[in-house]
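Accompanying notes for the structure given below.
The values are calculated or read from the model by the stated rules, or taken from the named source; none is laboratory data. Everything quoted here is computed from the prediction, not taken from an experiment. Every residue, glycine among them, receives a Cβ derived from its backbone with ideal geometry; neighbour counts consider all protein chains shown. Keep in mind that these areas ignore ligands, DNA and RNA; they rest on the heavy atoms of the full protein, side chains included. Shrake-Rupley method; radii C 1.70, N 1.55, O 1.52, S 1.80 Å.
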Amino acid sequence: MMNRIFHVKIAQGAYIFLVLCTALMVIAFWYQEAIVGMIMALLLIVNIERIIHSTYTLTADGKVVVYYGRFYKGKTISLTDITDVELKRSSGFGGIMPSQYVLIHYENKLLSLVPVKPKEFINALVIRLEHRMEEE
């Protein structure tokens, strides 16, 4: 099997954060507060990098790799450690913006993932889990 990459769904809050940081950066540079402007610019760079490069990868060697960009430590989970996978629904911001997410149970821990296509992600993961069980 080949590696399968799923992109992370970007939360509405991330867009709001980017707009606010951009506004604060422009205002800071407008009023010649270079240090505040540079801090806002760095926050923007880090967050844009995270939004663009965040992925979930199902690898050919039987792992799930959660990657949040160059500035964050990723997480790797072996398929043999996964005990259950669930599709959950979040009520979102006060029930206004409901969304779906994938809940993975592994080694007595939980991991919540928000792929763009959660059903497709679960189907691909279940197929790999079944394939991994057949090999053992």
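Using DSSP loop states and a limit of at most 14 other Cβ atoms within 10 Å to flag chymotrypsin sites (Phe, Trp or Tyr not before Pro), what is the longest stretch of the chain containing no flagged site?
In the chain, the maximal stretch lacking such sites is 94-136.
What lysines does residue 88 reach when the alpha-carbon gap must be under 23 Å and sequence neighbours fewer than 8 apart in one chain are set aside?
9, 63, 75, 109, 117, 119
Quick query: amide H of residue 100 versus all other amide H atoms, modeled in the peptide plane; which residues come in under 5 Å with a sequence gap of 5 or more or a different chain?
Close amide H contacts, sequence-distant or interchain: 90.
Check residue 63: other-chain or 5+ apart residues with amide H under 5 Å from its amide H, H built from backbone geometry?
Distant-sequence amide H within range of residue 63: 79.
Express in nm, to one decimal, how much length is gained between residue 108 and residue 49 on full extension, taking 0.36 nm for each residue of separation and deducting their alpha carbon distance.
Stretched out fully, the residue 108 to residue 49 stretch lengthens by 18.1 nm.
Run the numbers for residue 12 and residue 88: contour at 0.36 nm per residue of separation, minus the present Cα-Cα distance, in nm.
25.5 nm
Helix 118-135: angle to the longest alpha-carbon principal axis of the chain, degrees 0 to 90, nearest 10?
It works out to around 40 degrees.
How big, on average over all directions, is the shadow cast by the Cα convex hull of the chain, in nm²?
Result: 9.9 nm².
Return the sequence-ordered ³J(HN,Hα) values of region 34-39 in whole Hz as given by the Karplus equation 6.51 cos²θ - 1.76 cosθ + 1.60 applied to θ = phi - 60°, using x for Gly and Pro.
4, 5, 5, x, 5, 4
About the Cα centre of the chain, how large is the charge dipole given +1 on each Lys and Arg Cβ and -1 on each Asp and Glu Cβ? Please answer in debye to the nearest 20.
Charge dipole of the chain: 320 debye, to the nearest 20.
Give me the Debye-computed log₁₀ of I(q)/I(0) at q = 0.18 Å⁻¹ for region 26-105, equal point scatterers on Cα only, no solvent, two decimals.
Cα-only, vacuum Debye calculation for region 26-105: -0.92.
For the chain, what is the accessible area per residue in Å², given a 1.4 Å probe and the full set of protein chains?
Each residue of the chain exposes 67 Å² on average to a 1.4 Å probe.
For region 1-106, state which GluC sites (Glu not before Pro) are in a DSSP loop and have at most 16 other beta carbons lying within 10 Å of their beta carbon.
Within region 1-106, the qualifying GluC sites (Glu not before Pro) (loop, at most 16 other Cβ atoms within 10 Å) are 33.
When the chain is fully extended, how far beyond the present Cα-Cα distance does residue 36 get from residue 127, taking 0.36 nm per residue of separation?
In short, 27.8 nm is gained.
Hey, any idea what % of the chain's accessible area is carbon plus sulfur with a 1.4 Å probe?
Carbon and sulfur: 63 percent of the exposed surface of the chain.
Determine how large the accessible area of residue 126 is when every protein chain is in place; take a 1.4 Å probe and give Å² rounded to the nearest 10.
Residue 126 exposes around 50 Å² with every protein chain in place.
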